[in-house]
Amino acid sequence: MATIDPFDFFKSSKRSEVAELELELNHNKLEKRMEALKKVIAMMTVGKDVSSLFFPVLKCVETNNVDLKKLVYLYIINYAKTQPDLAVLAVNTFRKDARERLNPLIRGLAVRTMGCIGVDTILDYLCEPLKESMGDEDPYVRKTAAVCVAKLFEINQQRVEDYKFIEKLEEMLGDGNGMVVSNAVAALTDIQHTKGKIVQMTQTILYKLLNALPECSEWGRIYILDFLADNMLPSAAIKSGGIEEIIQRIVPNLAHSNSAVVLSATKVILKYLDYMTGDTEMVRSVCRKMAPPLISLMNSEPEIQYIAIRNINLIIQKRPYIIDKEVRVFFCNFQDPLYVKLEKLEILIRLADLKNVDSLLNELKDYAQEVDVLFVRRSISAIGRIAIKLDRAADRCIQVLHQLINTKIDYVVQEAIIVIKDIFRKYPNRYESIIKDLCENLKALDNVDARASMIWIVGEYGDRIDNAVDLLTNFSQSFKDEARKVQHALLNATVKLFLKVEGNGGAEELVQDVLRMATEESDNPDLRNRGYIYWKMLSSNPEMAKQIILCEKPTISEDASTLEPQILDKLVGNISMLSSVYYKVPDTFVKKIRDRINERLDLENEEVQVISQQSKQAQAEYVDSTGVKKSEYIKESQVAQATYMVDLLSLDDQPPMKQGGAGTNAIDDLLGIIDTTPPVQHSTQPVQQQHPMQINGGGSDLLDLIDTTAHVQQPSIQAVQSSALDDLLGGMGQESHTETLLQKAQFVKVPYQVVLNGQTAGQKGQQGLQIEAAFQRDGNGALVLDMKLTNLSTVPISDCLMKLNQNHFGLALHDPFPTPFTLRPQESRSLTLTCHQNRAPGGPPPLRPPVLIQAGINCSLDLFYFTLPALLQVLLSPTQLEYQMCSRIWSSFPVMQECKMTMPSMSAQITNGHALITRLQENRIYYLNQATNEQGSEVLYVYCSPEEGDQGVNQHEIVVAEIGITPTGGVEIQATSQSGYMSLLFLQAVKFVLSANT
Amino acid sequence: MASSVVFVNQKGDILIYRRFRDDVSRQEVTNFCNCIVATKAAKETPIINLDGVSFIHTTQNDITLVATTKGNVNAAMLMQFLYALVTLCKAYFTPQGEFSEEQVRKNFALIYELLDEVMDFGLPQILDPDLLKMYITQGGAKTGAGALQNNIEKLKQITIQATGAISWRAEGIRYKRNEVFIDIIENVNVLLSVRGTVLKADVVGQVLVKAQLSGMPECKFGINDKLLIKNADPTKQDRGIQIDDIKFHQCVRLGRFDRDRSITFIPPDGVFELMTYRISENINLPFKVVPVVQEYPELNKLEYSVKLKAIFERTNFASNVVCKVPVPPNSASVKVYSAGAGKAKYEPEQNAIMWRIKKFQGDMEFLMSAEVVITPLKSDKQWSKPPISLDFQVPMFTGSGLRVRYLRIQDKSDYKPTKWIRYITKAGDYNHRI
């Protein structure tokens, strides 16, 4: 044992800023304590660890000064989650304050704060005061208590049920105070998000809420209105004339100055209007009332305008006549931010009709001459979409496009080409005269879509363009460097041209050239396939090929951005919510709260190692304004890989028809749709991509089709893999392997880590001692600290004395240091110090991995402090438990802290389930049994517990984990323990143990 | 519903970070700051989804305020909450109305305390500055806090008021002189095409009231609203004006307005915005602009002649009229030949000729002409041609024709308050394309 007291050792340091604050926090004068506390909070916000001041801060709570109390509470909230043990100590304060007789503000404050402490163990002490607060005489306390129930629900659902808090919330809906009602509603809404429907809407509840509505603050109104929209009274339960009455009660809210109230009220009205059938006069009169408030939103801040316009786009799809005469309101102002302008364009297209099209086109023409390239291009695209939408306005649209082409601005002309291609598809043989101007005003074609469109036009009208062959020959020169889309277009166009201008000299050479490049030199399977098919068709029966390839194309229409009715209804029910801004149904981007928390724990577990990676990833994973994820683009490359497999199947020198399964379908489709496909509309997906480029003829269609086949294929591949891994586990049988494994305890060696850097200055400002260290189990299973010391200073280092601070796992050094010990300048030496574990009451448990043990080394050079990381597996007990004993302990866990982790791969040495168990047992993580889990897959159960000195096993810190092997050869681990930190430590340790190579 | 509320400066540093729920980690917020705020990508859309976390944000001066969430929250509500938070901070900061990084740093303890009160578990609660000032006194009126501790009656009154139906007015207000001031402020927004046709025009007005009234006065406010007049007396000649839309301060009884279009309320104490309204029919534009811009590309020259005409009565005057005539950024020399009144001068930092007229009499017109020589640019990048914009104030004039007909005030103590009223019309977005 060491001779010096560890506490003394650590107190000897120079008084730090923290120590200074501690003194001030204990000061008699209120002002001093206040100032000190403010400094503590300031340090906390910049992320400094001031948790060591918990006790002095907590002492300050004994005051009548509300301001001081608030600061203390703020501090407690911040550390409660990470240091639950400390938070427990504050419980009594909360209980006392929550029952403060005189000051309702203090009661409210206490109720509000205690809900923020998500520590399960103290909930029992808080439920009782909470129950009292819900019936407090003061509305301020009641409204705070209502929200507290929602907080409690997130921590522990069982408690909420035990104390019947949900029923109490429902009672609160009849409270006389508007804010209490609205907060109860907000709490219920929150709970419903996790738990699903709990409130059965009845006439009585509905009228209670409608009565409370005028008494509420702006925020309260929003909670109530959103709740009404989510929980509709069934139409059967409404008496005749009831719908009108409900709507009439909501309508006044449209005149509220808060735009969120307006939007929420609109939502409720729209939903109740759905109940009205036939009664069109009434419906129309309600709709007339909704229009002006919505339009007024166009005078609000740009961010609100953005939300409003995205919502209006939904509303007018649902009920077009709400805003049909108001097109001018959506004209873009010069100062509007780009994101508002782009959304306004979408509305303009939707509102375009024969009456307003002239003024609209003038407007769009003006926009097309602005400077922002994206805005200009979208404006031109809008002109094209209007032409396709309104047959009788197409002439005027073409005129405008013509004028724009004559500006000769490159990106204007290029965008015009893209939309004109679509116009040609819609109105074939009507506007070909414009082609000449297109060609004349074109300086460069650097836009992929424009190139593809131009090529399509040349192919389509090759018989009318004199130099069509020359044009395409020019394009084909750079065939290999072109984008996929352009290559496809070129292939199609040359084949079409060949069939159209039969006998014309150059066409045949051109088509052969392009077919050769597509089939022989391209590594794109789609292109090759298409090339082969064309080749085969042209060589076997040119007449038939002509019939197939030059057939009449189905027309296209402007409805790429129109949503399916069911999805539209869902989105309209979410007006003002994020869902209606993203145009995504909530389920597609929201997770249940429980999952979210588990996920976060996983994340934190991984955080240490992957922070840098993560930020990079996040940068890539960025969703643009239309809600299209970058990752969806990334998927394309995966798709390409998958299609490659399809390709391999069909390249087998056999006619493609004979392939089985998905491959056949794909090929069938290929033949069937060559250049006759209408644009593929992703209407089956809940997410409508609002992209004007949606109308793509030709090329990309094929890709989309292959895309779907690829998706079909994937699951089956996985199935094969997972069955293979079943075997892997199956070979293991039921018998325990414990006996054999015990003999050769091979602990995975933990690599050194630099714990003290040579540049770190000690307490006297000296530097030059570098230490690398790691806690290990040696061959005999003894816990040791392996160290490598290097002297980077210019003087010899001697008289070393090392000490570990008190810590949760009771780790201490057996000997302070070998003596005599001298380290000359530039010398390195390795040592092994024996450690022991003595679980006397120690420091707080670690918050998250790794376990960091504070250490100090005092030597002739200086006094240095540093932390030593320790992985859980070196701290584990060799004691093995009986199966019954273990399961008894496990089932007696009053609370379970589960954490999940997925490792994509393991060490190559672990080839099967057997090796996995061996590796774990060697590191004192013991096999318990094997079973089938809820999802029906085979999993292993293992357990471990940290060493407890003489006391054997500490039941509170046992970790039991479920390990499943994933189809990809990785593992999925779900760790359960009574305290969250143990699960996290366990996952970290397992990750290390399983990925190490011995 | 919000998981956290964050104040970030333009470098992406977190100044204030208040967590309300646990599902969004600080790491995820830092990501947003680094990827979006610091790179200025924040300008793209006000709602950004990054890795499953939605960031709802707005930028005020040099501070970006962010609300984060992983759920399907009410986006408009959180956006309004952020605006209200800025208003609240402005009301607390000294000097009032200033909102900047420096102020945020100076007042961080106050902001944390406010955040604790204005949002609970991510749900907006009480954001009324006047109300909060009664019990959140951090940094401000220190003496008030001490007094409050001992006055339990007062405390109860505050909590009742904070949560109650009339949260905006306290009981027991007394004034020696009961007065009420009404300001009708109208902003005229116009967009005119190159040829001078009106593309869109509307008036957005606000009625500001400064009430210095005792007790709990019951007020009824009447304007020449067409629907109201028609309801009251269908035979009357005065047609009144057609209001497209009205939004009221929370004190106005919306149900009553919906029923018979009467505006009744118990006012808050002091200054408040009683209502805002929007009118788009029969608007009197106070000014007419006739711009002629001739381009001579081969001479690298542009000629401007801009005529400005006041269309209101001769007895009225507009003040501080500023006409901003944009010129290309590559202008080499700008010569102003004549300005009928006031001063016209080329201001390179604005890329415009600024024509300023201090006082502009009704029914008068003036002409400004200028010549601009530009240096030819190599790239044929176009000049964006921003519109000519106009700024002005015309007192005793309303673009909409709105008039206050009466303001009736009744209180138990039955006093007779003095009433004052002012009208002023200002330029909102007054743009004429060229």
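The values are calculated or read from the model by the stated rules, or taken from the named source; none is laboratory data. Everything quoted here is computed from the prediction, not taken from an experiment. For neighbour counting, all protein chains shown are included, and Cβ atoms are generated from backbone atoms with ideal geometry for every residue, glycine included.
For the subset of the stretch B:30-41 comprising residues that are aliphatic (A, V, I, L, M) and closer than 16 Å to residue B:56 by Cβ, which member is farthest from the other protein chains (Cβ to nearest Cβ)? Steps first, please.
So in the stretch B:30-41, the residues aliphatic (A, V, I, L, M) come out as B:36-38, B:41.
Those still in the list that are closer than 16 Å to residue B:56 by Cβ too: B:36-37, B:41.
Details: B:36: 8, B:37: 13, B:41: 8 Å.
My answer is B:37.
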Scan the stretch A:370-394 for residues that are out of contact with any Leu (no Cβ under 8 Å at 6 or more places or on another chain) and not in a helix (DSSP H, G or I) and jot them down.
A:370, A:371
Check the stretch B:282-302 and report whether any residue there is buried (at least 20 other Cβ atoms within 10 Å of the Cβ), under 26 Å from the mean Cα position of the chain (by Cα) and of a type outside the set (Val, Ile, Thr).
yes
For the stretch A:314-334, name all the residues that are modelled with pLDDT under 90, touching a strand residue (DSSP E or B) at 6+ places or on another chain (Cβ under 7 Å) and not in a helix (DSSP H, G or I).
A:333, A:334
When you scan the stretch A:344-351, do you find a residue that is facing chain B (nearest Cβ under 9 Å) and either of a type in the set (A, V, I, L, M, F, W, C) or in contact (Cβ under 8 Å) with a residue 12 or more places away in the chain (or both), even just one?
no
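Mind checking whether some residue in the stretch B:342-350 is over 20 Å from residue B:386 (Cβ atoms) and either of a type in the set (A, V, I, L, M) or modelled with pLDDT of 90 or more (or both)? Lay out the reasoning, then the answer.
Keep residues of the stretch B:342-350 that are over 20 Å from residue B:386 (Cβ atoms), which gives B:342-343.
With either of a type in the set (A, V, I, L, M) or modelled with pLDDT of 90 or more (or both) added as a condition, the list becomes B:343.
Yes, that holds for at least one residue.
Conditions (1) within 14 Å of chain B (Cβ to nearest Cβ); (2) surrounded by 17 or more Cβ atoms within 10 Å (Cβ to Cβ), marked per residue:
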| residue | (1), (2) |
| --- | --- |
| A:201 | no, yes |
| A:211 | yes, no |
| A:221 | yes, yes |
| A:225 | yes, yes |
| A:235 | no, no |
| A:241 | no, no |
| A:246 | yes, yes |
| A:255 | yes, yes |
| A:258 | yes, yes |
Given the conditions (1) more than 12 Å from chain B (Cβ to nearest Cβ); (2) within 29 Å of residue A:391 (Cα to Cα); (3) more than 33 Å from the chain's Cα centre (by Cα), every one holds for residue A:370 apart from (1)
Hey, among the residues in the stretch B:81-132 that are farther than 23 Å from residue B:3 by Cα and not in a helix (DSSP H, G or I), which one's nearest to the other protein chains (Cβ to nearest Cβ)?
B:99
With the structure loaded, tell me whether residue A:142 is part of a helix (DSSP H, G or I) and either under 22 Å from residue B:163 (Cβ atoms) or modelled with pLDDT of 80 or more (or both) or whether it fails that test.
yes
Which number in (1) surrounded by fewer than 21 Cβ atoms within 10 Å (Cβ to Cβ); (2) assigned by TED's automatic domain parsing to the domain that holds residue A:796 marks the one condition that residue A:857 misses?
(1)
Being more than 14 Å from chain B (Cβ to nearest Cβ) and part of a helix (DSSP H, G or I) is the filter here, so list the residues in the stretch A:171-185 that pass it.
A:171
Are any residues in the stretch B:30-74 free of Cβ contacts under 8 Å to residues at least 12 places away in the same chain and within 20 Å of residue A:300 (Cβ to Cβ), and if so, which ones?
B:43, B:44, B:45
Filter the stretch B:178-235 for residues that are crowded, with 18+ Cβ neighbours inside 10 Å and of a type in the set (Val, Ile, Thr) and give the result.
B:180, B:182, B:184, B:185, B:188, B:190, B:203, B:204, B:207, B:209, B:223, B:229
Against the conditions (1) more than 8 Å from chain A (Cβ to nearest Cβ); (2) over 25 Å from residue A:46 (Cβ atoms), where does residue B:8 fall short? Just the number, please.
(2)
Residue B:27 is checked against (1) touching a residue at least 12 places away in the same chain (Cβ under 8 Å); (2) more than 25 Å from residue A:343 (Cβ to Cβ); (3) at the interface with chain A (Cβ under 8 Å from one of its Cβ atoms) and fails just one. What number does that condition carry?
(1)
Say we look at the stretch A:561-584 and pick out the residues that are in contact with a strand residue (DSSP E or B) (Cβ under 8 Å, 6 or more places away or on another chain) and not in a helix (DSSP H, G or I); which of these is farthest from residue B:49 (Cα to Cα)?
A:576
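Residues that are more than 28 Å from residue B:242 (Cβ to Cβ): which strands (runs of 3 or more DSSP E) entirely in the stretch B:269-381 hold 3 or more of them? Before the answer, list the steps.
Numbers: elements: B:270-279, B:287-296, B:301-310, B:317-326, B:331-339, B:343-347, B:352-361, B:365-374.
Of the strands (runs of 3 or more DSSP E) lying wholly inside the stretch B:269-381, those with at least 3 residues that are more than 28 Å from residue B:242 (Cβ to Cβ) span B:287-296, B:301-310, B:317-326, B:331-339, B:343-347, B:352-361, B:365-374.
Return the only residue of A:174, A:196 being surrounded by fewer than 18 Cβ atoms within 10 Å (Cβ to Cβ) and on the phi > 0 side of the Ramachandran plot. Walk me through it before giving the result.
On the way: A:174 fails: on the phi > 0 side of the Ramachandran plot.
One residue alone meets the criteria, A:196.
This table checks each residue for (1) out of contact with any Phe, Trp or Tyr (no Cβ under 9 Å at 6 or more places or on another chain); (2) assigned to a helix (DSSP H, G or I); (3) within 14 Å of chain B (Cβ to nearest Cβ); (4) in contact (Cβ under 8 Å) with a residue 12 or more places away in the chain.
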{"position": "A:137", "(1), (2), (3), (4)": "yes, no, yes, no"}
{"position": "A:169", "(1), (2), (3), (4)": "yes, yes, yes, yes"}
{"position": "A:187", "(1), (2), (3), (4)": "no, yes, yes, yes"}
{"position": "A:197", "(1), (2), (3), (4)": "yes, no, no, yes"}
Got a number for residues in the stretch A:404-433 being closer than 25 Å to residue A:491 by Cβ and surrounded by fewer than 18 Cβ atoms within 10 Å (Cβ to Cβ)?
3
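Check A:291, A:308 and return the single one that is in contact (Cβ under 8 Å) with a residue 12 or more places away in the chain, facing chain B (nearest Cβ under 8 Å) and part of a helix (DSSP H, G or I).
Values: A:291 fails: facing chain B (nearest Cβ under 8 Å).
Of the residues listed, the single one that is in contact (Cβ under 8 Å) with a residue 12 or more places away in the chain, facing chain B (nearest Cβ under 8 Å) and part of a helix (DSSP H, G or I) is A:308.
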Which ones in the stretch B:42-63 are within 8 Å of chain A (Cβ to nearest Cβ), out of contact with any Leu (no Cβ under 9 Å at 6 or more places or on another chain) and either of a type in the set (A, V, I, L, M) or assigned to a helix (DSSP H, G or I) (or both)?
B:48, B:50
